[in-house]
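See structure below.
Read-outs: derived from the displayed coordinates by stated rules, not from any lab. If you're wondering where the values come from, they're calculated on a predicted model, not measured in any experiment. A quick note on method: Cβ atoms are made from the backbone with ideal geometry, for glycine too, and the neighbour counts reach across all protein chains shown.
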Amino acid sequence: MIVRRLGPGDIAAVRALNAVYGAAFDDPETYRADRPDDAWLARQLGREGVIVLVAELDGNIVGGLTAYELPKLEAARSEIYLYDLAVDAAHRRCGIATALIGELQHIAAETGAWAVFVQADHGDDPAVALYTGLGAREDVMHFDLPPRPRGA
């Protein structure tokens, strides 16, 4: 297995990763192959603060993660938010997720990030067990606040 970071030329790879996400999260509509366009994906993959890692086995993407570097203002440091992580069902419990997170931790150290943080949903016992084995747990609440146009 090879773990590697995607760059602007890895459009097919990010589309394959989106297919893995869609299947793993049972949400193929959100991660369908025809969105966004290639130029958008290339721009995002070229941003330093966007970290997309894939795990490849025999030339196929079997897992990956998407993370974002968040520069802080209260101190000269950043944090990395692990936003999505998925492994193809046929390849789970083989150390792929741990290898992906390990590479993200190396990137965090290289960039001087203070921490890597991730959320897990109540009831997602495999994710909770994985993250518990790798770091310290904090019980927090998450709120989604909708955008609101001015004057609304």
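Among rounded, prolate and oblate, which fits region 65-117 when a ≥ b ≥ c are the square roots of the eigenvalues of its C-alpha gyration tensor, a/c under 1.5 means rounded, and a/b larger than b/c means prolate? Prolate, because a/c is 1.5 or more and a/b exceeds b/c. Annotation: the residues Thr111, Thr30, Thr66, sorted from fewest to most other C-beta atoms within 10 Å of their own C-beta, follow the order Thr30, Thr111, Thr66.
Exactly which trypsin sites (Lys or Arg not before Pro) in region 1-57 are in a DSSP loop and have at most 13 other Cβ atoms within 10 Å?
Hits after loop and neighbour filter: Arg32, Arg47.
Kindly identify the chain as rounded, prolate or oblate by the Cα gyration tensor criterion: order the square roots of the eigenvalues as a ≥ b ≥ c, call it rounded if a/c is under 1.5, otherwise compare a/b with b/c, prolate if a/b is larger, else oblate. Rounded. In percent, rounded to a whole number, the relative contact order of the chain is 19, using alpha-carbon pairs under 8 Å and six or more apart. Simple spin-label estimate for His106 and Glu79 gives 2.5 nm between the two label positions (7 Å along the Cα-to-Cβ direction from each Cα). Distances between placed amide hydrogens fall under 5 Å for Asp88 paired with Gly63, all partners being 5 or more residues away or on another chain. Which residues make up the longest stretch of the chain clear of GluC sites (Glu not before Pro) that lie in a DSSP loop with no more than 13 other Cβ atoms within 10 Å, not counting the sites? The answer is 75-137. Using a Förster radius of 30 Å, what is the FRET efficiency between Ala23 and Asp139 based on their Cβ-Cβ separation? Nearest 0.05, please. Here the calculated transfer efficiency is 0.55.
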